[in-house]
Each structure stands twice: as structure tokens, then as C-alpha cells.
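> Right, I'll just put the structure down here and ask away after.
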Amino acid sequence: MSVPAVPDAILDRIKAIVGPGGYLEEAVDLAPYVCELRGRFHGRTPLLARPKSAEDVAAIVTICAENRIPIVPQGGNTGLMGGAIPHEDGAELLLSLARLNQVRAVDPANDTLTVEAGCVLADVQAVAAAADRLFPLSLAAEGSCQIGGNISTNAGGINVLRYGNARELVLGLEVVLPDGRLWDGLRELRKDNTGYDLKQLFIGGEGTLGVITAAVLRLFPRPRDVQTAFVAVGDVAAACDLLAGLRRRSGGRVDAFELISAATLELVLRHIPGCIDPLAGQHPWYVLAALSTSAEGETLRPALEDTLARAHDSGGIRDAVIAESMAQARDLWRLRESIPEAERYDGASIKHDVAVPISRIVEFMSRAEAAVRTELPGVRPVAFGHLGDGNIHFNLGLPPGLAVEAFRAREERLNRIVHDIAAELDGSISAEHGLGRIKRKSIRRYKPAVEIELMRRVKRALDPDGIMNPGKLI
Ligand SMILES: Cc1cc2nc3c(=O)[nH]c(=O)nc-3n(C[C@H](O)[C@H](O)[C@H](O)COP(=O)(O)OP(=O)(O)OC[C@H]3O[C@@H](n4cnc5c(N)ncnc54)[C@H](O)[C@@H]3O)c2cc1C
């Protein structure tokens, strides 16, 4: 079936709204916006519109709604599930939020920040820091992802353990609905028990229910003392014990607790210039942990040292280094944050972003590793992730000697194996990256039918013509 192209007259109306400089239409200019980071999807669009205000977004969506033109919202295009890329038929308008990048309000007394959707995450963090506050959402793509994209994917990152996902960090939203109406839900309240919490539909909605144009974000006291340690452990159970020990000893002030397998660290050391193993010898697993306090004059160094010493004495850990300076802490974090880049240099890999209850991580790891090795001898598990959240990136590297096409041909089967094990352990097949185009169909196997049906009803209720990011999530 041929897909109708977007009529020129409609494109002209949209161009008139955003004005010169507010759109791109030449293939060469559009190229970076229609291609996903990992190169899995190459879409097409007749126009990338870059509105500068929520009112302009509303005007564009109104035109699209009247003419049933599908819209793909796009933030920083760092999402890993193909959600921000238009389909290949060229029938969808691409709507970039990049120029909606104003800070609308900073309210230190209320510990809130109101920003537009196109603000880059690192800039949001900087605005919070300038007000002597912390906006704790932090992830390796923070220099280019946008807060609207973070909210739409319910992004997690390294500080979820202490501060929660994007879902927990948003107090209010402003959203352009699929019919073009602008919903002002920019509430700055921590308590508001007046019915359904509608903003939560758009958080993690991956642009399928509306376009987020602004958000009220929660701020926290800025950490005064941060302690960072890189620790070698013999197995995943020891890492889980260390997490429990640190949480107990620090009174729950563990911000990040990242697990890195030996194979993953080896990949980073091999591919990323300047990365150095801070520990002597080789160990099966490593942990990168960060603790912080915002209390004046307090340090968590004794709590960290004491916990590590006890764990060492009981055989729970093999070796450890504590950063002595910010520069050393940054070097340790570089080992963790370079993993996606190292994987890219290493070649084809099959990625899994699963979560299980922390109490079942040990079982997940041993079952998943055995199962994929049986299915594909020689496969190289590259496991790392946010252990403190029960979220493991259980990726699989190409077995030596196997052609990429033959590896890809096994992808569906390997996905099924890993996802089935996560589901059997009461887990999730997508802990933080969402469903997008990639997991949209497979989720049906894992969610109760009633839940899928409710999700479909919500979609139909808000977007009866299905113009908001069709073919994604649901
Ligand atoms: C190196 C690297 C590390 C990463 N680490 C993490 C991590 O630790 N944790 C994590 O959760 N993710 C991580 N990600 C994934 C990604 O960065 C996040 O999903 C991020 O939140 C996406 O933001 P974005 O602005 O790039 O969104 P995009 O990729 O542009 O869009 C993502 C989805 O949101 C929709 N969308 C975007 N903006 C809006 C809007 N304003 N209104 C409505 N819908 C919108 C899009 O249509 C799409 O479906 C990582 C990615 C990379 C490349």
C-alpha cells in the first residue's frame, strides 16, 4: 500500500509557523536526525520542524491532527530503541524540541526548576548547581539528550538508587495533546490528591500520547562530600552483599552502585585510550560505588573505608581503591561511562536491558549466562549496569569466527532466552531504554493481556487517530 505524501500546502503552513531557520527539508541536512545512534534505523521525513514555543508546537500539532499527519517528537536522538526516528515511508513529520530550551523558573525555596523540553540534561544540572542544588538525573548521554526525551523515556541513569527515575523527579508537565490543545499541568506541588495523576501517562510515554513542552523538576541539596570507590569482587553475590553493607553503614546514602564484569572492563581497556585499570591483578567482577552527603562538614569516607575493610576481612572483596580527588573519581567513572563506546568499537553485539529484584540478580546472571552459552557456544556476555537498581545490561558480543549476519540471525532466539529468564524471575525486559520500535511487539509476551488492553485503551482515548509517534511502544 502506498503511503500518501504530506501535501506541500500543509508543509508550507508548518514552515510559516516556525519561520525561516525553524525547519530543515534537504536530505543532507536531515540525515543526522533520521538515523538512530547505533545505525539500526534510517527513516525519512519531508520536514523537520523546530518550533521555539509551546504555542507553535500546539499550532503545528493542530494542523497535523486536522490532516491526520503522523508526528514523531524528537529530543537529543540518543534513545536506543528507535523511538525518535520516523518510519521509512517518509509520511511522518519530525518535530524537534531543540529550540524550546528556556529555563522558565528557578525556585530554590520550593526546590524546583521549570524548564522547557529541549533543554539539554547537562545544562539542567548546571542550572540546578548554580542555585546550589542538585538535579540528580545523570547518564552518559547527558551532554546531548534533552529533558523532554529523558521524561518521555522515564530515563534512569546512575543515581536511581538514591533519587529514583525521571518519573520520581517530575512534579508537573506541560503537554501538547494529539488534538493540538495545550495542557498546562506545570504544578509545583509535592502533594496534590485531586484525581488521576495524568502526568505519569506522558512520563515514559515515548511521545505516543503527546508532546512534552515543559516540566517542573524536583531539586535536592547539593552534595558537599562525594566518596567514590572501585572494588574487585569474586562474584555477583559479593557485590550484592557490599551494596547492602554500604547502604546500612551510610544510612542509605549510596548514590550509585554499578557492576562491571571482567570481560566488560577488558573491552574498555582495549578500546578506549587513556583508560587504566586502577587495581592490580585480574578479578571476575568490579563495582563502582559512589556515596555522598550534603551535610556541612560531614564526610562518608570513614563509612566507606570501614565497610570495605570489613568486607575484605570476611573475604567478600578482593581489592579496592578509593578516589583521592575529583580527577581520580572522574577517571573511575570514565571506565563505566566508556562501556557503550567500547562496545561500538568491538563490533556487533546483541543488547539486553533487563531488571530483576536485587535479591534475584545472582540467579539471573548464572542462568542467563549458562543459557546463552548453551544456545551459542563462544558467545561473549558483556554484563554491566546499575546493580543497585536490579538493572543489568546483559549484552552479548559476537563469538569469534561467526559472521555478523549469522549472529543477527540468532538475535530473536537469544532475546527470547534472556527475556524469558528475566520474566520468570519477576523482572522486566526493558528496565530503562523503553520499548520504542525494537521491543514493541515482544512486550506482548510478558505483560498480562489486560495490561496491554488498558494501554491500548489509553492510547485510543488520547490519540484516537493514532498520529502521535505511531508504531512505537504499543
Ligand atoms: C551512551 C548512552 C548512555 C545512555 N545511558 C542511559 C542510562 O543510563 N539510562 C537511561 O535511561 N538511558 C540511557 N541512554 C538512553 C537515552 O540517552 C535516554 O533514553 C534519553 O532519555 C533519551 O533522551 P533524548 O532527548 O535523546 O530522546 P530521543 O532519543 O530524542 O527520544 C526518545 C523518545 O522520546 C520521545 N520524545 C523525545 N522528546 C519528546 C518530547 N519532548 N515529548 C514527547 N516525546 C518525546 C521520542 O519520540 C522517542 O520516542 C543512554 C544512551 C546513550 C547513547
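What follows is calculated from the coordinates using simple rules that are stated; it is not laboratory data. These numbers were taken from a predicted model, which means no experiment stands behind them. We place every Cβ from the backbone using ideal geometry, glycine too, and count neighbours over all the protein chains shown.
> May I ask you to sort 386, 42 by Cβ crowding, counting other Cβ atoms within 10 Å and putting the fewest first?
Values: 386 22, 42 12.
Fewest to most other Cβ atoms nearby, the residues stand as 42, 386.
> Work out, in µm²/s and without decimals, the Stokes-Einstein translational diffusion coefficient of the stretch 183-267 at 10 °C, 1.306 mPa s, Rh from Kirkwood over C-alpha pairs. Could you put the intermediate results ahead of the total?
Values: Rh = 17.5 Å.
Stokes-Einstein gives a translational diffusion coefficient of 91 µm²/s.
> Sticking with this structure for a sec: How far is helix 121-130 tilted, in degrees, relative to the longest principal axis of the Cα atoms in the chain, given as a value from 0 to 90 rounded to the nearest 10?
70 degrees
> Going by C-beta contacts inside 10 Å, put 455, 468 in order with the fewest on the left. Display every interim value, and only then the final one.
On the way: 455 16, 468 26.
By the 10 Å Cβ count, ascending: 455, 468.
> With r as the distance between the Cβ atoms of residue 38 and residue 8 and R0 = 51 Å, compute the FRET efficiency 1/(1 + (r/R0)^6) and round to 0.05. Provide the component values of the computation, followed by the final result.
Working: r = 33 Å, r/R0 = 0.65.
Here the calculated transfer efficiency is 0.95.
> What ranking of 45, 293 emerges when the number of other C-beta atoms within 10 Å of each C-beta is taken as an exposure proxy, fewest first? Spell out each step's value before the answer.
Details: 45 26, 293 19.
Taking fewest neighbouring Cβ atoms as first place, the list is 293, 45.
> Where Rh is the Kirkwood radius over the Cα pairs of the chain, the temperature 25 °C and the viscosity 0.890 mPa s, what D in µm²/s does Stokes-Einstein return?
On the way: Rh = 23.5 Å.
Using the Kirkwood radius from Cα pairs, D works out to 104 µm²/s.
> Ok, one more. Would you kindly state the longest site-free stretch of the chain, with sites defined as trypsin sites (Lys or Arg not before Pro) in a DSSP loop (not H, G, I, E, B) surrounded by at most 15 other Cβ atoms within 10 Å?
It works out to 225-440.
> Please tell me the relative contact order of the chain in percent, rounded to the nearest whole number, where contacts are Cα pairs under 8 Å and at least six residues apart. Mind showing how you got there, number by number?
Working: 969 pairs, mean separation 70.5, N = 474.
Reported relative contact order: 15 percent.
> Now for a separate question. What angle do you read, to the nearest 10 degrees and between 0 and 90, between the alpha-carbon axis of helix 54-67 and the longest principal axis of the chain?
Here the helix axis deviates by roughly 60 degrees.
> Quick query: amide H of residue 318 versus all other amide H atoms, modeled in the peptide plane; which residues come in under 5 Å with a sequence gap of 5 or more or a different chain?
Residues meeting the criterion, in which the H sits 1.01 Å from N, are 232, 233, 234.
> Same structure again: Using amide H atoms built in the peptide plane, which far-off residues or other-chain residues are under 5 Å from residue 186 H to H?
173
> Please identify every one of the GluC sites (Glu not before Pro) in the stretch 1-84 that sits in a loop by DSSP and has no more than 10 other beta carbons within 10 Å of its own beta carbon. Kindly include the intermediate steps, with their values, before the conclusion.
Details: sites: 25, 26, 36, 55, 66; in loops: 25, 26, 36.
Here the sparse-neighbourhood loop sites are 26.
> Can you tell me the 0 to 90 degree angle between the C-alpha axis of helix 8-18 and the longest principal axis of the chain, rounded to 10?
60 degrees
> Which of the GluC sites (Glu not before Pro) found in the stretch 309-369 are in a DSSP loop and have at most 16 neighbouring Cβ atoms, other than their own, within 10 Å? It would help to have the intermediate numbers written out before the result.
Values: sites: 324, 337, 341, 343, 363, 369; in loops: 324.
Taking the stretch 309-369 and a limit of 16 other Cβ atoms within 10 Å, the loop GluC sites (Glu not before Pro) found are 324.
> Once you put a point 7 Å from the Cα of residue 197 and another 7 Å from the Cα of residue 413, both along the Cβ direction, what distance in nm separates them?
4.3 nm
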